[in-house]
Amino acid sequence: MTEAGNERAAEAEAKVSAGVVDLIGVLAYGELSAFDRMSEDSRTAPTLSGRAALASMAAAEIGHYARLERFLAEHGVAVEDAMKPFVAHIDAFHASTAPRSWLESLVKAYVGDGLAADLYREMASWLDPETRELVLGVLADTGHSAFAEREVAAGIAADARQRDRLALWGRRLLGEALTQAQYVVAERDGLSELIVTGSGDLSGIAGLFRRLQQGHTKRMQVLGLG
């Protein structure tokens, strides 16, 4: 590489802040985890069409992961290093919210992934155009939302008792997800700085978490669990 090329590469790497690395890292591990969960859930699907649908969505998630990995590599960051700080918290969330049924697994992905996506979309609005486009691109719905809505509606139609059970499950997921998100942000200076700077002040952060809760409420209503 020429001297000018080296300078451009160094400049590109320097533009990636600790907060951006943290955001891309937590997104990458979220995508990798989503791939694992959807692959596992596909094997418990009650129909072959459901199994195929989830397998296809899992493939899309690993495609998102690859995009994030490439972005980090282009800026001199190893994806493993960027993900590492978030593994324990995300794994703890999934361990504490292990679904006991097919419908619970769908509600968990719908609610948990939706909540995380809302947070990351808000943060994306504070980023430079290139990074914002990347984040919004990997947060694009793979079709799981509509699939979950259909399956949960069919499950409730077949057994009305499922509604109350799943509504309680959704409330628990909200509490667990918000708790883990707060732990992660508190422990990562880069993410904390990104959120504080982007939201403006403490009241802005409070407003952000209120919007996350409102988004959760709307999703539960769409599922017929509100």
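Throughout, read-outs are computed from the coordinates displayed, never taken from laboratory work. All of these numbers come straight from a predicted model, not from anything done at the bench. Note: ideal-geometry Cβ built from the backbone for every residue, glycine included; neighbour counts use all protein chains shown.
Quick notes on this structure:
- To the nearest ten degrees, helix 162-187 and the longest principal axis of the Cα atoms of the chain are 20 degrees apart.
- The average projected area of the range 166-226, computed from the convex hull of its Cα atoms over all directions, is 4.2 nm².
- Magnitude of the charge dipole, the chain, Cβ model with Lys/Arg +1 and Asp/Glu -1, debye to 20: 1260
- Extension gain for the segment ALA73 to ALA154, taken as residue separation times 0.36 nm less the Cα-Cα distance, is 24.8 nm to one decimal.
- On Cα atoms only, tilt of 114-124 relative to the major axis of the chain in degrees: 20
- Computed from Cα positions, the angle between helix 189-199 and the longest principal axis of the chain comes to roughly 80 degrees.
- Charge dipole magnitude, Cβ of K and R +1, D and E -1 - the range 75-156, Cα centre, debye nearest 20: 280
- According to the Kirkwood relation over distinct C-alpha pairs, the hydrodynamic radius of the range 97-226 is 15.8 Å.
- Whole-Å distance, taken between Cα centres, linking the range 123-155 and the range 11-67: 11
- Think of it as helices only: each DSSP H run of n ≥ 4 in the chain is worth -39500 (n - 2.57), and spread over all residues that comes to -27000 deg cm²/dmol at 222 nm.
- Note on the chain: dipole from Cβ charges, positive end direction compared against PHE93, ALA34, LEU168; the farthest Cα belongs to LEU168.
- Projected onto planes of every orientation and averaged, the convex hull of the alpha-carbon atoms in the chain covers 12.9 nm².
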